[in-house]
Amino acid sequence: MKKYLFLFIIPVAIFASDGSKNYDIIPRLFNFVLFFGILFYLLKDFAIKAYNARIKSIADRLDDIQNKLRDSKAKKEQAKKDVELAKVRAKDLLEVAKNEVETTKAKSADSLKQTLLDLEKNYENKKEFESKKVTKEVVADVLSQTFNDPSVKLEQSKLIDIINKKVG
């Protein structure tokens, strides 16, 4: 307010320094006030409409921005919920995977034990079979040497008696 008052006083001081000339300040002031009064009266509706339109456009933009902000907040909250749900699902999947690993380990261990038992059994069977095979070969070799040796002469009846004693 002081600035405006200062701006109005400076021209008065400048014009007052010239001395007393015959100026028609009052009619000019009256014309000035009348001109701006008419101008204000004619342009007031246009200025009010422009001002109200500007206020409405600002309010509309503000509403749009607030709606976008609300939507963004809702999306953010939904994203947080989705992240929490994903974390819970990830934990569940980890637990399931750990259980699967433990189950697979147990099954593998059981299968390995069973395979080892089968291998040991097969080894024992094969060892027994090989032992019998070697025994048969040795017996066959000894018998063939015995029958082929001319110094040992056995009759068939004595041989049958010996075999019957061993078998029976």
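What follows is calculated from the coordinates using simple rules that are stated; it is not laboratory data. All figures in this text were calculated on a predicted structure; none of them were measured in a lab.
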- [ ] Enter the mean projected area of the convex hull around the alpha-carbon atoms of the stretch 22-148, in nm², rounded to one decimal.
- [x] 21.2
TODO: Quick one: of 49/76; 2/44; 56/76; 3/44, which pairs are farther than 28 Å apart, Cα to Cα?
DONE: 49/76; 56/76
Task: When each of 132/165; 113/133; 107/133; 91/113; 126/158 is checked by Cα-Cα distance, pairs over 27 Å - done: 113/133; 107/133; 91/113; 126/158
